[in-house]
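Just below is one structure, and these are the notes that go with it.
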Amino acid sequence: MPNQTYQSHPERVTSLSSKKGKATIAALTAYDYPTAKILDETGIDLILVGDSLGMVVLGHNDTTEVTIEMMIHHTSACRPAVKNAALVADLPYKSYDTPEKAIITSNSLVKAGADGVKLEGGTEIIPQINAIIDNGIPVIGHVGLLPQSIKIEGSYKKKGKSPEEYSRILADAISLEKAGAVAIFLENIVSELASEITNELKIPTIGIGSGIDCNGQIRVIHDITGFFPWFTPSFADPLCNIANEISLAVEKYIKSTYSCVI
Ligand code: KIV
């Protein structure tokens, strides 16, 4: 665990809200130094140290086993690489049950170098969001499909199909904006709902699996690069095949060892 306190740049997160209506927001996940450095140097706006870490890096079945210590470890690995983008870290499962706990965990992620934090949920987590923001840490909201609720939900289904769910997610997004969230992630919701939230809110929406009517998009880096070939979400659209490139390099390397002495 790093005992160093890293420099954090909260203004890089708060300035994202002024992009609405002027520029789109391109966001990707990263969990380590080289990936974060490549994304930052390529000009990404927002790097998320997502708790998807559990699945695509640590081989867990879902995100619920990710701990605050793991998030601190990976956030501090990304921090030295990120010179321009906003670096946001996820508050993991059960780390923000109460406002007091949310302050402690958010502070630990900022100490590890996060410029802001993201947490999943709507109206029910407004006290936690108020507490984090009052403590000077910018917050990004996350509504729609909430991967940390997988144990209750049972599957990763598209959200907002029923009128009740549609209205609840819309109300959640409005409450998050009122509470002071800088931006909101819209995960796997019907595109009409994403479009309505985007039109309704003054802060930017950042979509994943929710259509193009959002102010920006976020993807898991492994999904767009083909680095997790065992599962590719339908909306992922891999743009290259890193797994294949690594296999080819490893094959070449194995062959090169044939010339060694036996
Ligand atoms: O953890 C994660 O990767 C996320 C996605 C929405 C990008 O939260």
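The values are calculated or read from the model by the stated rules, or taken from the named source; none is laboratory data. What you see is a predicted model; the values in this text were computed from it and never measured. Reconstructed Cβ throughout: ideal geometry from the backbone, glycine too, with neighbour counts over all protein chains shown. Each accessible area value is taken on the protein alone, full model and side chains, heavy atoms only, with ligands, DNA and RNA left out. Shrake-Rupley method; radii C 1.70, N 1.55, O 1.52, S 1.80 Å.
To keep it simple, each residue is scored yes or no on (1) open to solvent by less than 20 Å² (accessible area, probe 1.4 Å); (2) closer than 21 Å to PRO229 by Cα.
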| site | (1), (2) |
| --- | --- |
| THR35 | no, yes |
| ASP40 | yes, no |
| ASP45 | no, no |
| VAL49 | yes, yes |
| VAL57 | no, yes |
| THR63 | yes, yes |
| THR67 | no, no |
| MET71 | yes, no |
| HIS74 | no, no |
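Which ones in the range 213-242 are open to solvent by 60 Å² or more (accessible area, probe 1.4 Å) and either under 18 Å from the mean Cα position of the chain (by Cα) or under 16 Å from PRO147 (Cβ atoms) (or both)?
PHE227, PHE231, THR232, SER234, ASP237, PRO238, listed by residue number.
Under 7 Å by Cβ, and 6 or more places apart or on different chains, what pairs join a residue from the range 50-75 that is away from the ligand (no atom under 12 Å from the Cβ) with one that is acidic (Asp, Glu) and open to solvent by less than 20 Å² (accessible area, probe 1.4 Å)?
Listed by first residue and then by second, the contacts come to nothing, as the list is empty.
Among the listed residues ALA89, ALA27, which satisfies the condition of being touching a Gly at 6+ places or on another chain (Cβ under 7 Å), within 29 Å of PRO127 (Cβ to Cβ) and surrounded by 18 or more Cβ atoms within 10 Å (Cβ to Cβ)?
From the options ALA89, ALA27, the qualifying one is ALA27.
Can you tell me which residues in the range 189-235 are at pLDDT 95 or above, in a loop (DSSP other than H, G, I, E, B) and among the β-branched types (Val, Ile, Thr)?
Residues satisfying the conditions are VAL190, ILE203, ILE212, VAL220.
Residues being open to solvent by less than 50 Å² (accessible area, probe 1.4 Å) and within 26 Å of ALA77 (Cα to Cα): count how many of those fall in the range 104-132.
Residues flagged as open to solvent by less than 50 Å² (accessible area, probe 1.4 Å) and within 26 Å of ALA77 (Cα to Cα) within the range 104-132 amount to 16.
If SER17 passes every condition in (1) buried (at least 16 other Cβ atoms within 10 Å of the Cβ); (2) not in a helix (DSSP H, G or I); (3) not aromatic (Phe, Trp, Tyr) but one, which one does it miss?
(2)
Just to be sure I understand, how many residues within the range 156-188 are part of a loop (DSSP other than H, G, I, E, B), within 14 Å of the ligand (Cβ to nearest atom) and either over 12 Å from GLY211 (Cα atoms) or modelled with pLDDT under 95 (or both)?
Just the residues of the range 156-188 that are part of a loop (DSSP other than H, G, I, E, B), to begin with: 156-158, 160-162, 180-182, 188.
Filter once more, keeping what is within 14 Å of the ligand (Cβ to nearest atom): 156, 188.
Next, only the ones that are either over 12 Å from GLY211 (Cα atoms) or modelled with pLDDT under 95 (or both) stay: 156.
The number of residues fulfilling the criteria is 1.
Can you tell me which residue among THR64, THR105 is over 22 Å from TYR156 (Cα atoms) and assigned to a helix (DSSP H, G or I)? Break it down into steps so the answer makes sense when it comes.
Values: THR64 fails: over 22 Å from TYR156 (Cα atoms).
That would be THR105, the only listed residue that is over 22 Å from TYR156 (Cα atoms) and assigned to a helix (DSSP H, G or I).
Could you tell me how many of the residues in the range 138-169 are open to solvent by less than 10 Å² (accessible area, probe 1.4 Å) and of a type in the set (Val, Ile, Thr)?
4
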